[in-house]
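Below: one structure, written as structure tokens.
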Amino acid sequence: MADRAIINASPSIFLSRAGHLDLLRIFASEIWVPEPVAGEIRQRGPGDITARMLDTTHWLSGVPAPSVPRSIADWRLGAGESSVLALALEHPGTDAIIDDLAARRCAATLSIPLRGTLGIVLVAKQRGAIRLARPVIQSMVSAGLYLSQKVLDAALSRVGE
């Protein structure tokens, strides 16, 4: 398990809406939430489960937004994605948890370790934290996560389902 990871809004939202935010604990002991990401989540309103989880989950740690280096700013990503990647770049070996394709491409060019929401579920299955990945993934799809059938089939095949 990693010491920490840095998460963007969409993975937080999909995992919490589906009741699986705790899977992040399988992945890292501390999850950093940069200020722009926390702000995006809180805009959803105090009744939103993810906003409540931010305020009540001790291992989700709000952190100040870092300066975004030009190597990231040139990608014209959102403030959340940019802050997640900038923090990961400042803390080598810290994984970024992001679903956005452009942000994932940026991370790859900068050699930033990366996971997506789907990757978190697959790690949980591989480490024995969940018996089956399919129902967890289906609950996140019901919560709004989009996955093509091809991506879903390939992911489930990787964990023997």
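Worth pointing out:
- Selected residue [closer than 22 Å to Ser142 by Cα and either in contact with an Asp or Glu (Cβ under 8 Å, 6 or more places away or on another chain) or among the acidic types (Asp, Glu) (or both)] from Ser83, Ser29, Ser10, Ser61: Ser10
- From Val84, Val37, Val33, Val63, residue being of a type in the set (A, V, I, L, M) and over 26 Å from Leu147 (Cβ atoms): Val63
- Condition met for Ile130 (of a type in the set (Val, Ile, Thr) and either surrounded by 23 or more Cβ atoms within 10 Å (Cβ to Cβ) or part of a helix (DSSP H, G or I) (or both)): no
- Residues of the stretch 116-128 satisfying the condition of being touching a residue at least 12 places away in the same chain (Cβ under 8 Å) and more than 18 Å from Ala18 (Cα to Cα): Gln126, Arg127
- Residue pairs meeting the criteria (Cβ under 6 Å; at least 6 apart or on separate chains; first under 12 Å from His20 (Cα atoms), in the stretch 129-158; second among the aromatic types (Phe, Trp, Tyr)): Met140/Phe14; Ala143/Phe14
- Residue in the stretch 59-78 that is more than 17 Å from the chain's Cα centre (by Cα) and among the β-branched types (Val, Ile, Thr) present: yes
- Leading residue by the ranking (surrounded by the most Cβ atoms within 10 Å (Cβ to Cβ)) among those in the stretch 133-156 that are assigned to a loop (DSSP other than H, G, I, E, B) and at pLDDT below 95: Leu145
- Taking (1) within 30 Å of Arg76 (Cα to Cα); (2) under 18 Å from the mean Cα position of the chain (by Cα) in turn, Ser148 satisfies each apart from (2).
The values are calculated or read from the model by the stated rules, or taken from the named source; none is laboratory data. What you are looking at is a predicted structure, and each value in this text was computed from that prediction instead of being measured. Ideal geometry is used to build each Cβ from the backbone, glycine not excepted, and the neighbour counts take in all protein chains shown.
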